[in-house]
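This report concerns only the one structure given below.
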Amino acid sequence: MATSRVITWEITASRGYETAWADVGAGTLRARGRAVGTEPEPYWIAYELDTGEGFVTRRLLVTAETAARTRTLDLRHDGRGGWSADGERLPDMDGALDCDLGLCPLTNTMPVLRHGLHRAPGEQEFLMAWVSVPGLTVRRSRQTYTHLARTDGGGRVRFASGTFRSDLEFDADGCVVDYPGLARRLTVR
């Protein structure tokens, strides 16, 4: 049975906010979200995210609007390791299991839940299909998640990509509570 949640974060990195309506089931996540930001320029984002078993991304459909333009990206994983964006194959993404929508704390949930890193020791390296915001360009991103500690309500996990590092706090359900330098949760229902 899926658990439905509505989560709002202050996105400090964009000087904005995001709200996600998420249904987390046994190994799956479905969500839709809306975000507004003022950095690097004023924008709004609307997205829909669907995963298959094991929290593996199946589809991320996202629309971004700025003063200059509106862009839509339909990013898909075929379930066999292949990716496409707007129907065009992305061979550089082969082997990635997850998308990572820039400035979106919700997309940190999938790899953490898949490996229980908010609850138990471990370190995992991932190849991600990272999507820039608000430009919606897709590129390869190597990321490492390392369990640091259990907390009263969940756990602390170190996120690292290149020279960037941040110690994220997750709740018991694997959702971001605090992502220093990027976001902090305001409400959950």
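The values are calculated or read from the model by the stated rules, or taken from the named source; none is laboratory data. Everything numeric here is computed off the predicted structure, so don't read it as measured data. Cβ placement follows ideal geometry from the backbone for every residue including glycine, while neighbour counts extend to all protein chains displayed. All accessible areas refer to the heavy atoms of the entire protein, side chains included, with ligands and DNA or RNA removed. Shrake-Rupley method; radii C 1.70, N 1.55, O 1.52, S 1.80 Å.
Remarks
- Probe 1.4 Å, protein heavy atoms only - accessible area per residue of the range 1-132 in square angstrom: 46 Å²
- 10 Å binning of all Cα-Cα separations within the range 79-189, expressed as whole percents from 0 upward: 14, 46, 30, 10, 0
- Debye, to nearest 20: dipole size of the range 1-75, +1 on Lys, Arg Cβ, -1 on Asp, Glu Cβ: 100 debye
- Portion, in percent, of the accessible area of the chain that falls on carbon or sulfur, probe 1.4 Å: 48 percent
- Taking a Cβ cut-off of under 12 Å around Tyr17, the surrounding Lys, Arg, Asp and Glu residues balance to a net charge of +2, with basic ones at +1 and acidic ones at -1.
- Taking amide hydrogens as placed 1.01 Å from N in the peptide plane, the amide H of Asp100 sits under 5 Å from those of Ala129, Trp130, Val131, each at least 5 positions away in sequence or on another chain.
- Cα centre as origin, Lys/Arg/Asp/Glu Cβ charges: the range 76-171 dipole, Debye: 160 debye
- Taken one residue at a time, the phi angles of the range 54-60 give Karplus couplings (6.51, -1.76, 1.60, θ = phi - 60°) of x, 6, 7, 4, 9, 7, 10 Hz. Gly and Pro are set to x.
- The mean of 1/r over all distinct Cα pairs in the range 135-189, once inverted, gives the Kirkwood hydrodynamic radius of 12.4 Å.
- Tail weight of P(r) past 32 Å, computed on alpha-carbon pairs of the chain, percent: 7 percent
- Between the range 80-123 and the range 2-67, the Cα center-to-center distance that results, in Å: 14 Å
- Taking a ≥ b ≥ c as the square roots of the eigenvalues of the alpha-carbon gyration tensor, the range 6-77 is classed oblate because a/c is 1.5 or more while a/b is no larger than b/c.
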